[in-house]
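J.: There's a structure below that I have some questions on.
The values are calculated or read from the model by the stated rules, or taken from the named source; none is laboratory data. As the structure is a computational prediction, the values presented were derived from the model and not from experiment. Neighbour counts run over all protein chains shown; Cβ positions are idealised from the backbone, glycine included. Just the protein is used for accessible areas: all its heavy atoms, side chains included, with ligands, DNA and RNA removed. Shrake-Rupley method; radii C 1.70, N 1.55, O 1.52, S 1.80 Å.
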Amino acid sequence: MEENQLRKLPSMETILSNSEVKELYKLYPRNLVKEAVNDLLVKIRLDSKTNLRLDISLPSIIYEVQQFLSKKKIRKVLNGTGVLLHTNLGRSPLPMISCVKVLEVMSSYSNLEYNLFSGERGSRLEYIEYLITKLTGGESAFVVNNNAGAVLLVLSAFCQDKEVIVSRGELVEIGGSFRVPDIMMQSSAKLVEVGTTNITRLSDYAQAINEKTAALLKVHPSNFSIKGFTEQVDLKELTRLGREKNLITIEDLGSGLLKNYFKELLKPEPTVEDSLKAEVDLVLFSGDKLLGGPQCGIIIGKKHLIKRIEQHPLSRALRIDKMTVAALEAVLELYFDESRLLLESPLFRMLLMDISELRKRVGYILKKVKNKKYLETIEGVSTTGGGSLPDCAIPTILITVKKEGKTAEELSRYFRDSNPPLIGTINNDTFTIDLRTILETQDEELVTLLNGV
Ligand SMILES: *Cc1c(COP(=O)(O)O)cnc(C)c1O
């Protein structure tokens, strides 16, 4: 960019007095808009030195400021990816009853750590523990910030400077952010890998046990599956071996389906119920995966072990906040009434929605869209994601969008720029929206977005 072209750069005053910018003041504090404009002007001057920027007109500057203010902050989006538990899109949406409870409790003081019976200090997890133990039959429970935190805490409490035996086939990496070996290192537990990627036998665990061994660890290899010639140890046999050798058995279940509520659909998914039946000492899982609750890490198991976990200093560092307490309590209460759960948990509704229901919805949507010629509906598959059911493919209805003169990337951008933004996928150069992961209550919004193509 030429030096004299930079002189054409609108001044701060010109920008701030523009009527479109003034509109922004209705949505954002004036001082915040000013900061955004100022940052952009600084960036333009910098970029001009390297010819990075060509358009410095007032409309382009206003557009960028609008985009900056509306896209940076957390906001509602439509999930058209077909991945039910999409970590980038916040995993599980919460039941409305949870949201209402969060709003009510957060906007006031609460009895978070105050016992209303005795008038003395109370525990923030007491009722949650009650609910979890009743629901699962586990002896005791504890909840921390997330499942990675739960793994760290459990290993720190029981395996510090000791050995933990884990199958080589279970050393997973989840979304590039959670690697079991890294967590173990942080807890200064020594990882002893046994077996091979596809075959681990009970004897492999047995042979690795020595006086330094503290625990046997099972990790649910959730976001991938090793197919073909594989052999993994039965959970019951593993816990029996643990008891014989006086070792704790820990299972990182990841996705945390309490029971199989979905019969055939989620059949391959191990449940918390199965693990407790197999007498695993400590079962760990996320709150925002197949439980359908807020982000947290739930630990269920033997009372004397949970007590030691509670007393570990890390438990204070990893404790859940009151928003999580409120949201989780409401979700767990729902589990006591399964018919309500299936109706009110958005995650369960989306998972269980019959393909015929999706056909009906797409029919309604298409009826309301004016430019149907850009759209096509085809059958496809949704996945659960979030470290569950690697093999589970759920039949779904996809809406593909094609428009002459527009690439799939341009369409993808249009939907990302829209209000609310919609995130889809690009398959075979075609922008695709999976209807299963769009909440039923968002069909109208989808119609509006499709009408704008
Ligand atoms: C998802 C997952 C984790 C990490 O859980 P966060 O709640 O995201 O911390 C750990 N282990 C397994 C097996 C998982 O699937």
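J.: Can you tell me which residues in the range 367-406 are open to solvent by less than 30 Å² (accessible area, probe 1.4 Å), at pLDDT 95 or above and among the aliphatic types (A, V, I, L, M)?
T.: Result: Val369, Leu375, Ile397, Leu398, Ile399, Val401.
J.: Yes or no: Ser108 over 29 Å from His312 (Cα atoms) and small (Gly, Ala, Ser)?
T.: Spelling it out, Ser108 is indeed over 29 Å from His312 (Cα atoms) and small (Gly, Ala, Ser).
J.: Return the pairs, sorted by first residue and then second, in which the second residue is of a type in the set (Lys, Arg), the first residue lies in the range 414-430 and is in a helix (DSSP H, G or I), the beta carbons are less than 8 Å apart, and the residues are 6+ apart or on different chains.
T.: That search, which allows pairs on different chains as well, returns Tyr414/Lys406.
J.: Inspect all residues belonging to the range 18-30 and state whether any of them is open to solvent by 90 Å² or more (accessible area, probe 1.4 Å), of a type in the set (S, T, N, Q) and either farther than 26 Å from Arg413 by Cα or in contact with a Pro (Cβ under 6 Å, 6 or more places away or on another chain) (or both).
T.: no
J.: Hey, another quick one. Can you tell me which residue in the range 419-433 is surrounded by the fewest Cβ atoms within 10 Å (Cβ to Cβ), limited to those that are among the β-branched types (Val, Ile, Thr) and within 22 Å of the chain's Cα centre (by Cα)?
T.: Ile426
J.: Follow-up. Would you tally the residues in the range 304-343 being part of a helix (DSSP H, G or I) and open to solvent by less than 70 Å² (accessible area, probe 1.4 Å)?
T.: Of the residues in that region, 17 qualify.
J.: Here's something else I'd like to know. Of the residues in the range 344-366, how many are open to solvent by 70 Å² or more (accessible area, probe 1.4 Å), touching a residue at least 24 places away in the same chain (Cβ under 8 Å) and farther than 30 Å from Leu135 by Cβ?
T.: Count: 2.
J.: Okay, moving on. Does the range 124-145 include one or more residues that are over 28 Å from Leu253 (Cβ atoms) and more than 16 Å from the ligand (Cβ to nearest atom)?
T.: Checked against the condition, which is being over 28 Å from Leu253 (Cβ atoms) and more than 16 Å from the ligand (Cβ to nearest atom), the range 124-145 yields no hits at all.
J.: Return the residues of the range 242-260 that are open to solvent by less than 10 Å² (accessible area, probe 1.4 Å) and away from the ligand (no atom under 16 Å from the Cβ); say none if nothing qualifies.
T.: Result: Gly242, single match.
J.: Take the range 80-133 and flag every residue that is surrounded by fewer than 13 Cβ atoms within 10 Å (Cβ to Cβ) and either touching a Leu at 6+ places or on another chain (Cβ under 9 Å) or among the acidic types (Asp, Glu) (or both).
T.: Glu104, Glu120, Glu126
J.: From the set of residues in the range 160-182 that are at pLDDT below 75 and small (Gly, Ala, Ser), which is farthest from the ligand (Cβ to nearest atom)?
T.: So the residue we want is Gly176.
J.: Which of the residues that make up the range 434-447 are part of a helix (DSSP H, G or I) and either outside the structural domain of Tyr364 (by TED's automatic domain parsing) or open to solvent by less than 50 Å² (accessible area, probe 1.4 Å) (or both)?
T.: Leu435, Arg436, Thr437, Gln442, Asp443, Leu446, Val447
J.: In addition: Among the residues of the range 261-302, how many are open to solvent by 20 Å² or more (accessible area, probe 1.4 Å) and either within 16 Å of the ligand (Cβ to nearest atom) or closer than 18 Å to Val164 by Cβ (or both)?
T.: Qualifying residue count, the range 261-302: 6.
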